[in-house]
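This report concerns only the one structure given below.
The values are calculated or read from the model by the stated rules, or taken from the named source; none is laboratory data. What you see is a predicted model; the values in this text were computed from it and never measured. Glycine gets a Cβ as well: all are built from the backbone with ideal geometry, and neighbour counts include every protein chain shown. Calculation scope for accessible area: heavy atoms of the full protein, side chains included, ligands and nucleic acids excluded. Shrake-Rupley method; radii C 1.70, N 1.55, O 1.52, S 1.80 Å.
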Amino acid sequence: MNQETKTYRKGEIPGIIAINARECKGCDACKRFCPTGAITGMFGTTHRVDVDRCISCGQCLINCPFGAPYETVDPVDEVAAKLADKHVTVVGIIAPAVRVAIGEPFGMPAGSLVTGKMYSAMKKAGFVILDNNFAADLTIMEEGTEFIQRARHALFGEKAEHGGGIGPLPQFTSCCPAWVRFVETNYPALIPNLSSAKSPQQMAGAVAKTYGAAQVFNVAPESVYTVGIMPCTAKKFEASRPEFQSAWHFTKEKGGSAPSAPYPDIDAVLTTRDLARLLKKMKINLAAENDAEGGTLFAEYTGAGTIFGNTGGVMEAALRTAWVVLTGTPLSKIEFTAVRGLKGVKSAAVTLRDRKYGKEVTVKVAVVHDIRANIRPIVEEVMAGRSPYHFIEVMNCPGGCINGGGQPVCDTGSSWIGRVLPSFAWS
Amino acid sequence: MTESSFILKHPLRVRVFHYLLAASFLTLAVTGIMLYFKLLAEPAMNTAMQVHVVAGVVLTMDALAFFFLAFDRVVLFTKRTFTFSGNDIKWFAVLGGYPQKILLHKKVDVPPMGKYNAGQKLFGICVLVGGTLLILSGWVLWALPHAVPHGAASMIGSIHLYASWVLILFLFVHLFLGIYMWDDFKAMFVDGRIPYEDAAEKAPLWVKNDLRRLG
């Protein structure tokens with residue numbers, strides 16, 4: 001346990017976000033975006049981040065009108081040094097939401113999809129590509145299968161295939177590290193409800209240093225340096241969690257040449273902003289690059305992985321998986337439009353026939369984003385045992401990862417004037 | 001001195017506007033300095049911010065009221081402050097004779113001025129432009145920071161800061177000379193009138209060209 005903090009374990013980065021006292025005007029704008037009330041300081045005074053309450057989502061950072069919040073962890077120089085080291089295989093793990101935002105810092109219109117240009121720029125920088133969409137596909141297979149197991153356990157009393165306990169319903173998604181930390185620090189009783197599946201970033205890191213090192217890169221695991229390229233500041237925190245050293249444990253158990261000190265599955269995390277700085281530092285103009293292919297098995301993925309970056313994307317992908325596994329038939333129409341869109345809480349009910357038990361099952365799902373505004377009634381309902389849902393997707397940021405705290409800061413302002421006007425200074 | 005030897009320099013509307021302006025701007029300057037240098041403990045800083053906001057609203061209301069209820073005075077003031085001649089340059093060359101008078105007790109030739117001397121015109125321009133910028137930027141910073149682009153919010157913060165520093169520095173000069181010219185000070189804060197001889201000496205072109213005897 002860190003001596004100065006109460007909610008971090010040894011090794012975890014205690015607080016990714018801090019506030020520059022020189023830039024802070026004490027205007028309170030950041031407080032309106034903080035999902036946990038972690039920003040302290042009265043109106044007119046320099047604000048501070050209570051790291052024990054902070055979930056590192058970075059919403060304050062991208063919404064502060066004066067640019068006062070900043071990231072405490074900047075791995076750009078370290079990644080640049082690794083890229084320059086010919087003995088290191090640097091794996092760039094690119095999240096779905098990065099490819100529609102990384103064009104902006106290079107003068108391209110907001111929302112430009114630049115997957116091919118990004119592959120090209122990153123390969124030029126020295127990265128090997130592992131598209132996180134590939135890992136998102138892995139995640140949804142795990143998460144969807146886990147949900148089926150929990151549902152069959154709840155409905156039909158099915159036991160775990162390999163023994164052990166089965167988590168309760170509703171199952172919450174666990175891809176969003178800010179949400180996971182929110183549960184851990186605010187509703188620890190609901191930790192069993194979180195899916196036990198790792199996030200795509202963490203699956204990618206473990207795969208890169210095990211299967212990837214042995215079968216794709218043909219190098220020793222310890223010479224693989226994994227870099228999450230994420231739209232999210234909380235991913236920096238997630239990578240520092242001590243349980244995410246699976247590749248080291250695996251290699252050691254298999255008798256491989258693992259060093260005595262454990263290494264993390266993810267060595268560094270660059271936000272979209274960080275990647276732009278890195279490429280500019282290396283004088284690579286992404287906008288001028290031609291499209292390139294990923295070049296490895298790890299750049300192959302399905303549409304289910306791609307939609308992970310949007311609110312509703314994980315749920316839609318999970319429903320597709322659940323449908324096929326439970327019914328044994330392919331979907332005639334793969335879109336679940338009820339879970340799309342920007343409504344704070346979306347819900348849907350899908351009736352399907354479980355071929356194993358020969359019974360119809362109605363799966364009730366909910367999709368929540370912008371947890372500051374929307375999550376508490378949902379979790380209170382679960383805590384009280386009154387939740388109608390079986391599966392709930394939660395993403396911290398409004399709109400999902402595409403609006404994550406690591407994305408380029410929008411210079412065009414936002415439109416929450418309606419929420420500001422009633423309160424002014426005395427909020 | 002007889003009653004007829006006094007002339008009205010500051011009408012009631014101007015004096016009321018100035019009372020509120022002085023009270024609100026001094027409050028804004030003091031609290032603004034506290035906020036900028038972060039001089040106090042957190043609760044006191046919070047109070048300073050709240051007072052700053054209230055004083056800003058008072059200043060805004062005062063400026064709007066004067067603009068709409070005394071539009072003729074606004075036009076006249078603007079016209080006078082933005083009317084220049086060679087005499088203004090000559091006035092600046094000797095700084096109105098004030099340093100010589102105050103520091104050396106010497107009297108030097110000062111070119112004839114209108115109602116406002118060249119220094120007052122410069123101050124007037126700063127008040128008109130800087131005051132408008134301060135009011136507009138203050139409202140954006142307080143109430144609508146997210147209604148403007150991020151880069152603009154930062155720029156507006158800088159405008160607010162620099163405009164306030166210019167006016168605060170000018171305020172010291174204004175206060176000093178206002179008190180130094182005691183008759184004018186009394187006129188602005190009491191009955192609006194100054195001795196004819198004083199006006200004829202300090203603003204001969206105003207007396208000659210603009211004044212007319214009533215009754």
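General observations
- Scanning segment A:360-381 for residues that are open to solvent by 20 Å² or more (accessible area, probe 1.4 Å) and in contact with a helix residue (DSSP H, G or I) (Cβ under 8 Å, 6 or more places away or on another chain) turns up just one, A:Arg372.
- Matching residues, segment B:126-149, being β-branched (Val, Ile, Thr), facing chain A (nearest Cβ under 10 Å) and touching a Ser or Thr at 6+ places or on another chain (Cβ under 7 Å): none
- Within segment A:237-259, being without any contact (Cβ under 8 Å) to a residue 40 or more places away in the chain, assigned to a helix (DSSP H, G or I) and open to solvent by 40 Å² or more (accessible area, probe 1.4 Å) holds for A:His249, A:Lys252, A:Glu253.
- In segment A:73-99, of all residues being β-branched (Val, Ile, Thr) and touching a Pro at 6+ places or on another chain (Cβ under 9 Å), the one that is farthest from A:Arg273 (Cα to Cα) corresponds to A:Ile93.
- Taken as a whole, segment A:325-343 holds no residue that is at positive phi, free of Cβ contacts under 8 Å to residues at least 24 places away in the same chain and outside the structural domain of A:Val216 (by TED's automatic domain parsing).
- Answer residue from segment B:42-66, given it is facing chain A (nearest Cβ under 10 Å) and open to solvent by 70 Å² or more (accessible area, probe 1.4 Å) and is nearest to B:Arg13 (Cα to Cα) among those: B:Val54
- Inspection of segment A:151-164 identifies at least one residue that is part of a helix (DSSP H, G or I), surrounded by fewer than 17 Cβ atoms within 10 Å (Cβ to Cβ) and touching an Asp or Glu at 6+ places or on another chain (Cβ under 9 Å).
- Residue in segment A:314-343 that is surrounded by the fewest Cβ atoms within 10 Å (Cβ to Cβ), counting only those that are out of contact with any strand residue (DSSP E or B) (no Cβ under 8 Å at 6 or more places or on another chain) and outside any loop (DSSP other than H, G, I, E, B): A:Thr337
- Looking at A:Cys175, A:Cys232, just one residue is part of a loop (DSSP other than H, G, I, E, B) and not assigned by TED's automatic domain parsing to the domain that holds A:Pro259, and that residue is A:Cys175.
- Whichever residue in segment B:136-153 is open to solvent by 40 Å² or more (accessible area, probe 1.4 Å) and under 26 Å from B:Ile125 (Cβ atoms) and, among such residues, is modelled with the lowest pLDDT: B:Trp142
- Residue match in segment A:128-150 (condition: open to solvent by less than 20 Å² (accessible area, probe 1.4 Å), part of a loop (DSSP other than H, G, I, E, B) and not assigned by TED's automatic domain parsing to the domain that holds A:Thr362): no
- Top-ranked residue in segment A:399-427 [being under 23 Å from A:Val379 (Cβ atoms) and in contact with a Leu (Cβ under 8 Å, 6 or more places away or on another chain); ranked as modelled with the lowest pLDDT]: A:Gly399
- Scanning segment A:289-306 for residues that are open to solvent by less than 40 Å² (accessible area, probe 1.4 Å) and either small (Gly, Ala, Ser) or assigned to a helix (DSSP H, G or I) (or both) turns up A:Ala292, A:Gly294, A:Phe298, A:Ala299, A:Ala304, A:Gly305.
- Pairs linking a residue in segment B:150-167 that is closer than 18 Å to A:Ile62 by Cα and within 9 Å of chain A (Cβ to nearest Cβ) to a residue that is assigned to a helix (DSSP H, G or I) and modelled with pLDDT under 85, with Cβ atoms under 6 Å and 6 or more positions apart or on different chains, are B:Ala153/B:Pro145.
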